[in-house]
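In what follows, a structure is listed as structure tokens, so that the remarks can point back to it.
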Amino acid sequence: MYELIGVTKQYRRGQERVDALAGIDLKIAQGDRLVIQGPTGGGKSTLLQMLGGLDRPTAGSVFLDGTDLAGLSEGRLTAIRSRYIGFVFQSFNLIPTLTAQENVETALVPLGVKAAERRRRAAEALESVGLGERLGHLPSELSGGQQQRVAIARALVKRPQVLLADEPTGNLDETTRDEIADLLEGLWRERGLTFVMVTHDSSLARRAPRLATLRKGRVTVTENPKAAGTPAPAGKEG
Amino acid sequence: MVQGFQTLADSTVATVAKQSGVDRAVGGLSLVDLKIDGEFRRGEIQRGEGRTQGQGGQGQGFGQGGPGGGGSGDTVTGGGASFGVDSFTLYGTDVTVPDLGPLTTSTLTGGRTFRTTETDAAVVVVDSAYAQQKDLAVGDELTVKDVKFEVIGIATADSGQAAAQVYLPLKRAQTLSGSAGKVTTVYVRATDSTKIDAVKTAIQKNVSGTTVTTSADLSQTVSGSLDTAAGLASSVGRWLSYAVLLAAVLVAGLLTSAAVSRRVREFGTLKALGWKSGRVTRQVVGEALVNGVIGGVLGIAVGLAGAYAVTAVSPTLTAELGASTGGFTGRGGMGGMGGGAGFGGGPGAARTAAGRSVDIALTAPVSLTTVGLAVLLALVGGLVAGAFGAWRASRLRPADALRRVE
């Protein structure tokens, strides 16, 4: 599914040059579940942005099913994001003035899905994450865990091939964290998604079949055969 | 005697009142009381011895010495004329309509005004300047054409120039001057200050032989510092309007831009979800446009309320007048319609006011054009603000949405 070759990302912070990613080589197979860990500023989110086509590498290639995302136009990248990739953010990133159902519908707007169909699929997606009774609620009327469930429904309503989650449990308490982690794992297993998650939480990392640790822009991948779920294909160090 | 060049039948008042946009119309009769006292003396001829010598007599007031005589040897001595002229202006006013007519531009400073039942009473209201000149007070008697009138009130002109020196009931004025059923002036009040021009046009078209003078026309005749003050006020008002408009558009733009900044994560998220930049841009412009429409509607509501308040309170601007021909101003409407005499045919027209102050009541007329312009400006403001916000939103990189949570 994904193949990253020599991916480098450099930033300028004032006069200083920052190497967020320093020549990453990484393979992620279809249906893989990979957790990315590492210290703050280690390049985790930058790597996730590369996988999601939200940012372009300074050097190197990011292949998704054989297409190099680094060489695509902004329009093509937008089209790929809208169709194939679902995002879940730490702060949920829901639109505060829209209801849960309307928030989920926003993911279907760029696909040109008609309004009635959007509403139906959004309701279905919310049902699947246990929020069938909260369709008309605004984000402010929902708990943190419920908001994250809405965000997950939004990410999955378009039936993507890839789910990218950036610290999805970072703003949640322990009980809710476990509920969300269980939900994500269940959906990954059920739908055959390729699931990449950035987290600081070691307990979540231990549940993943593959763990990528990023330090100073370099990645080390370790296998965890004891983890539940689909066995991961072999990765390689970058 | 009637002052002016011609009179109108008082049926004209009813004709004028029927014109579209006319709220009320009343007639007025402008008169002047002129008394001339004096004598002519014949010169005496003295048969002389070939000398010619004349000596004119000396008169008072407009008196003029007579010419010296001529002749071969005869002499004319003495002779000539001596005249004293005493005149004052009167105004016959329709006492049944106290809120329209010449007295509306004066404030009662003593006694009372006419009662609506005093249509033919021998009572007068005297202008304060004339009362002072003639030492008249409330309760005194004033004789006009051998008829004694009781002074019931003293009025002071609001606008530097009184319409007349003495006001009396219209019917009484018509009887005194032998002008029964005649008027010289028709006072007209429009239903709406924005319809004044239309009313003027309608009267000029449908009532022949009239000269229509609106309050705007009257204001143009006022010279000196009033013009300067009006020009200054107009100029300041215009530039202030431009400044406020520019500021409003800038503030709207900045607020939209600030809103985009505040919602950077929202727009970034939409882009991450696959929304094209164009769609996000349209969303921002659309929202700004809706805000513009809502702002426009609110602005019109507040503006109408403000205009109503200004008109209700009618704050006044005071300007010092230099020497100028006088007249009178209307009250938020048409001032007067002269019966051929122009300038309302007001008897005060010949008076000169030196160093008098003029109070101008401010009104805030509202027209459909103004409202339409306000809506247009609100929409343009919304579009400008939206374009500014959209420009910022289009420059947003979707990666920002994720960076915010790092």
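Pop the C-beta distance of B:Ser87 and B:Ala180 into the FRET formula with R0 = 22 Å and round what comes out to the nearest 0.05.
0.45
Starting with the highest mean, order B:198-207, B:101-110, A:70-79 by the number of other Cβ atoms within 10 Å, averaged over the residues of each peptide.
Going by the mean number of other Cβ atoms within 10 Å, highest first, we get B:101-110, B:198-207, A:70-79.
Give the long-range amide H neighbours of A:Val18: residues separated by 5 or more places, or on another chain, with amide H under 5 Å away, using H modelled in the peptide plane at 1.01 Å from N.
Those lying under 5 Å, H to H, from A:Val18 are A:Tyr11, A:Arg12, A:Arg13.
What part of the accessible area of chain A, given as a whole %, is carbon or sulfur when the probe is 1.4 angstrom?
That fraction is 47 percent.
Using helices alone, I'd like the mean residue ellipticity at 222 nm for chain A: each DSSP H run of four-plus residues gives -39500 (n - 2.57), total over residue count, nearest 500.
Value at 222 nm, helices only, nearest 500: -9500 deg cm²/dmol.
What are the equivalent ellipsoid semi-axes of region A:47-90, built from the alpha-carbon gyration tensor (square roots of five times its eigenvalues), in whole angstrom, biggest first?
Result for region A:47-90: semi-axes of 16, 13, 9 Å.
In whole Å, what are the extents of region A:2-223 along the principal axes defined by its C-alpha atoms, from largest to smallest?
Cα extents, longest axis first: 48, 39, 37 Å.
Rounded, prolate or oblate: which fits region B:99-198 when a ≥ b ≥ c are the square roots of the eigenvalues of the alpha-carbon gyration tensor, with rounded for a/c under 1.5 and prolate only if a/b beats b/c?
oblate
Which lysines, on any chain, are close to B:Lys271 with Cα under 20 Å apart, when same-chain ones fewer than 8 places away are left out?
Excluding near neighbours in sequence, the set is A:Lys114, A:Lys158.
Among B:118-131, A:82-95, how do they line up by average Cβ neighbours within 10 Å per residue, starting with the highest?
Ranked from most to least packed, the peptides come out as A:82-95, B:118-131.
Where in region A:97-202 are there GluC sites (Glu not before Pro) that are in a DSSP coil and have at most 12 other Cβ atoms within 10 angstrom of their Cβ?
Of the GluC sites (Glu not before Pro), the ones in loops of region A:97-202 whose Cβ has at most 12 other Cβ atoms within 10 Å are A:Glu133.
Of the listed pairs A:Lys27/B:Lys276; A:Lys27/A:Lys216; B:Lys18/B:Lys148, which have alpha-carbon separations greater than 31 Å here?
Check vs 31 Å cut-off fails for B:Lys18/B:Lys148.
Under a 1.4 angstrom probe, counting protein chains only, how are A:Phe63, B:Phe114 ranked by accessible area, largest first?
A:Phe63, B:Phe114
Once you put a point 7 Å from the Cα of A:Ala115 and another 7 Å from the Cα of A:Arg206, both along the Cβ direction, what distance in nm separates them?
Label at A:Ala115, label at A:Arg206, 5.1 nm between them.
Across region A:63-77, in residue order, what do the Karplus-derived ³J(HN,Hα) couplings come to in whole Hz, using 6.51 cos²θ - 1.76 cosθ + 1.60 with θ = phi - 60° and x for Gly and Pro?
These are the phi-based 3J(HN,Hα) values: 8, 10, 6, x, 9, 7, 4, 5, x, 7, 6, 4, x, 5, 4 Hz.
For the pair B:Arg262 and A:Glu190, what calculated FRET efficiency results from E = 1/(1 + (r/R0)^6), where r is the Cβ-Cβ distance and R0 = 35 Å, to the nearest 0.05?
It comes to 0.40.
So what J values fall out for region B:170-175 if you push phi through Karplus, 6.51 cos²θ - 1.76 cosθ + 1.60 with θ = phi - 60°, rounded to Hz, Gly and Pro as x?
Karplus values, whole Hz, x for Gly and Pro: 4, 4, 5, 5, 5, 5.
Say R0 is 56 Å: what FRET efficiency, to the nearest 0.05, do B:Val138 and B:Lys18 get from their beta-carbon distance?
0.90
Please report the carbon-and-sulfur percent of the accessible area for region B:81-197; probe 1.4 Å, protein heavy atoms only, DNA, RNA and ligands left out.
47 percent
Which value, in Å², gives the accessible area per residue of region A:2-223 when a 1.4 Å probe is used on the protein heavy atoms?
That works out to 40 Å² for each residue.
Using the Cα centre as the reference, give the magnitude of the dipole from point charges on the C-beta atoms of region A:2-223 (Lys, Arg: +1; Asp, Glu: -1; all else neutral), rounded to the nearest 20 debye.
The dipole of region A:2-223 has a size of about 580 debye.
³J(HN,Hα) across region B:24-30 via Karplus (A = 6.51, B = -1.76, C = 1.60, θ = phi - 60°), whole Hz, x for Gly/Pro?
Those phi angles translate into 7, 9, 9, x, x, 10, 8 Hz.
Among A:Val129, A:Gly42, A:Met197, whose Cα lies farthest out toward the positive end of the dipole of region A:2-223, if unit charges sit on the beta carbon of Lys, Arg (+1) and Asp, Glu (-1)?
Sorting the options by dipole projection puts first A:Gly42.
Once amide H atoms are built 1.01 Å from N in the peptide plane, which residues 5 or more positions from A:Ile36, or in another chain, come under 5 Å H to H?
When sequence neighbours closer than 5 places are left aside, the close amide H contacts are A:Met197, A:Val198, A:Thr199, A:Ala212.
The values are calculated or read from the model by the stated rules, or taken from the named source; none is laboratory data. Remember, predicted model here, so these are calculated numbers, not experimental data. Cβ coordinates were reconstructed from backbone atoms using ideal geometry, including for glycine residues, and neighbour counts include every protein chain displayed. We work out accessible area using only protein heavy atoms, side chains counted, and drop any ligands, DNA or RNA first. Shrake-Rupley method; radii C 1.70, N 1.55, O 1.52, S 1.80 Å.
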